[in-house]
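As structure tokens, the structure follows; a few thoughts come after it.
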Amino acid sequence: MSNTVEFSFRLTGFGWAEARIAVGGSSATLTASCLESDALRDLVRAVSALVEGAPGARALWDAESAAYRWFFQRIGGDVRVRLLVFPDSFSDAPDDVLLNTTCLVRDLGVAIASGAQSVLDEVGARKYKRRWGHPFPRDDLAALQGLLHSDPP
């Protein structure tokens, strides 16, 4: 499966961020708050696990009243990416599917690593921590980049 994967993450205010992921012709934009989760770190760690060969991974992004759930299921060298939004964490309303597609594990890893590196290059580690409230996941990003530069599992 060969779908182009793009990922961006940007800080939009103190403790708030916005991300966009596009896989082939599908895309989703979501927000995250720093209060209950460390969104970028959690996503980088989940994708690193996939690149290492894990059969699945997930990440949860809190947006205060809403929550986003990333689910990844590895199928050989491909990964099924499902992104769900739970509009109100205190409601029994069902999750809405924002993205449900498949791409190469490596392409997902490269896109997430590139998007994370871009935000670090743009704002720097010090400003990132001041604006996001958590340190930039430098070690997690370096681990993902190292995995991507080694031979595939």
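The values are calculated or read from the model by the stated rules, or taken from the named source; none is laboratory data. Small disclaimer: the values here were computed from a predicted structure and weren't measured. Methodologically, a virtual Cβ is constructed for each residue, glycine included, from the backbone with ideal geometry; neighbour enumeration extends over all protein chains shown.
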Residues in the stretch 92-122 that are basic (K, R) and either farther than 19 Å from G76 by Cα or under 13 Å from the mean Cα position of the chain (by Cα) (or both): how many? 0
Looking only at the stretch 93-114, and only at residues there that are in contact with a strand residue (DSSP E or B) (Cβ under 8 Å, 6 or more places away or on another chain) and charged (D, E, K, R), the one that is modelled with the highest pLDDT: D107
Only one of (1) over 22 Å from G146 (Cα atoms); (2) crowded, with 19+ Cβ neighbours inside 10 Å; (3) hydroxyl-bearing (S, T, Y) does not apply to T29, and that is (2)
With respect to L98, determine if the residue is under 17 Å from H134 (Cβ atoms) and among the aliphatic types (A, V, I, L, M). no
Could you say whether any residue in the stretch 36-54 is in contact (Cβ under 8 Å) with a residue 40 or more places away in the chain and among the small types (G, A, S)? yes
If the Cβ limit is 7 Å and pairs must be 6+ apart or interchain, which residue in the stretch 104-124 that is in contact (Cβ under 8 Å) with a residue 40 or more places away in the chain and within 20 Å of V81 (Cβ to Cβ) pairs with which residue that is assigned to a helix (DSSP H, G or I) and polar (S, T, N, Q)? A113/Q145
